[in-house]
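Trainee: The structure under discussion is supplied below as structure tokens; questions concerning it will follow.
The values are calculated or read from the model by the stated rules, or taken from the named source; none is laboratory data. All figures in this text were calculated on a predicted structure; none of them were measured in a lab. All Cβ positions, glycine included, derive from the backbone under ideal geometry; neighbour counts span all protein chains shown. Surface accessibility is based on the protein's heavy atoms, side chains included, excluding ligands, DNA and RNA. Shrake-Rupley method; radii C 1.70, N 1.55, O 1.52, S 1.80 Å.
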Amino acid sequence: MKTKTLPKMKPTDVLVKVMAVGICGSDVHFYEHGKLGNWNVTEPLILGHESSGQILAVGSDVTDFKAGDRVAIEPGVPCGHCEYCRKGYYNLCPQVQFMAIPGTDGDLTQYIVYPSDYVYHIPDDMSYEIAALSEPFSVGVHASQLLDVSPGETVFISGSGPVGLMTIMAVKAFGIHDIIVSDAEPFRLETAKALGATHTIDVTKQDVVEEVKKYTNGEGVGYAFEASGNNKAETQALMTLRRRGKIAYIGMPAVDEAPLNISFMTTYEPQIYGLFRYANTYPLAIDILHDNMDLAGKLITDFYTLEETQDAFERTRTAKSESLKVVIYPNEKLRDK
């Protein structure tokens, strides 16, 4: 392992012993390709941004935390002064420093010094592994809030990776009961059922739009979430909507552009939302996860030490048919499987 000197603590900072870090798809993109979207890795970069830990020390101005507190860590620190920050949309801050994006190191490391405004208490009975899910789960929570999800509608979720699966939990918390989920991996579709999906679609055998229409008596769904990033799926997901339905594009695309059916759009008036991370979601995400810890635990399938980081990334990259969320323990290993 390499060592790096910690920055000096500011009065509003905390020192955190990092206990669990989940590997995200963006981490794998940087690991495998050295780039993601418009971001390119040009110098050494510490990955990891889905994390939890224990506070070891607090700055002189910190009053909400003390040594020994268990916390989840929100990985983006905005400027706090721009128009977007002032309006509460700090996820869109042009100056945000987001962990594991080139220019800002992540927290796949034993200790970090971090602003206390972006760490959150977790319940004593919540494991560090589940607390680390607060970051990807926040994506589903933010998407549900953005679409103003309300009970009584049917939802379609395209893609059953960790974010798509956690979106099942999010929409259920917002009162949705009818949930259709698609994927190409039987293991992930079975997990979707275990988390509450009422209908699943194997995209290798079934047509997504036809299946959704069949399930909804030809009407289409009120809300769709595209979480795969697959070009064909991005096009199909829009077509699953009923008139005036809403769709959120969550997944990072494999290519930047996807064809859209303009005739469908000018006839059905779909409401289309792009989604960038999240804002003001962590307290709610932690509460929902705490109420659903048994279900959330189904998402965590693999456990590694910091010394086994390369193995963990290879597992995430190559084992989609049997692996979901891979967790790395930067300090002591808390669980084996």
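Trainee: Which of the residues spanning the stretch 227-236 are in a loop (DSSP other than H, G, I, E, B) and open to solvent by less than 40 Å² (accessible area, probe 1.4 Å)? Spell out the reasoning first.
Mentor: Here is the first cut: in the stretch 227-236, the ones in a loop (DSSP other than H, G, I, E, B) are 227-230.
The answer is Ala227, Gly229.
Trainee: Turning to a different aspect of this structure: Which residues, taken from the stretch 47-85, are open to solvent by 50 Å² or more (accessible area, probe 1.4 Å) and under 24 Å from Gly103 (Cα atoms)?
Mentor: We begin by selecting, within the stretch 47-85, every residue open to solvent by 50 Å² or more (accessible area, probe 1.4 Å); these are 54, 56, 58, 60-61, 63-64, 66-67, 81, 83-84.
Scanning the stretch 47-85 gives His81, Glu83, Tyr84.
Trainee: Could you list all residues from the stretch 1-55 that are at pLDDT below 95, among the charged types (D, E, K, R) and part of a strand (DSSP E or B)?
Mentor: Lys35
Trainee: Return the residues of the stretch 152-173 that are open to solvent by 50 Å² or more (accessible area, probe 1.4 Å) and either among the polar types (S, T, N, Q) or at pLDDT 95 or above (or both); say none if nothing qualifies. I'd like the intermediate steps shown before the answer.
Mentor: Going residue by residue through the stretch 152-173, those that are open to solvent by 50 Å² or more (accessible area, probe 1.4 Å) are 152, 172-173.
Residues satisfying the conditions are Lys172, Ala173.
Trainee: Which numbered condition trips up Ala100, out of (1) surrounded by fewer than 21 Cβ atoms within 10 Å (Cβ to Cβ); (2) touching a Phe, Trp or Tyr at 6+ places or on another chain (Cβ under 8 Å); (3) at positive phi?
Mentor: (1)
Trainee: Is it fair to say Asp207 is among the acidic types (Asp, Glu), open to solvent by 20 Å² or more (accessible area, probe 1.4 Å), without any contact (Cβ under 8 Å) to a residue 60 or more places away in the chain and closer than 28 Å to Gly22 by Cβ?
Mentor: Values: among the acidic types (Asp, Glu): yes; open to solvent by 20 Å² or more (accessible area, probe 1.4 Å): yes; without any contact (Cβ under 8 Å) to a residue 60 or more places away in the chain: yes; closer than 28 Å to Gly22 by Cβ: no.
No.
Trainee: Let me ask another. Would you mention how many residues in the stretch 237-263 are assigned to a loop (DSSP other than H, G, I, E, B), modelled with pLDDT of 95 or more and surrounded by fewer than 23 Cβ atoms within 10 Å (Cβ to Cβ)?
Mentor: Residues flagged as assigned to a loop (DSSP other than H, G, I, E, B), modelled with pLDDT of 95 or more and surrounded by fewer than 23 Cβ atoms within 10 Å (Cβ to Cβ) within the stretch 237-263 amount to 0.
Trainee: Within the stretch 302-337, track down each residue that is small (Gly, Ala, Ser) and within 19 Å of Gly159 (Cα to Cα). Please lay out each step first, then the result.
Mentor: Here is the first cut: in the stretch 302-337, the residues small (Gly, Ala, Ser) are 312, 319, 321, 323.
Correct list: Ala319, Ser321, Ser323.
Trainee: Identify, from the list Tyr282, Tyr304, Tyr273, the residue that is open to solvent by 50 Å² or more (accessible area, probe 1.4 Å) and in contact with a strand residue (DSSP E or B) (Cβ under 6 Å, 6 or more places away or on another chain).
Mentor: On the way: Tyr282 fails: open to solvent by 50 Å² or more (accessible area, probe 1.4 Å); Tyr304 fails: open to solvent by 50 Å² or more (accessible area, probe 1.4 Å).
Unique residue meeting the criteria: Tyr273.
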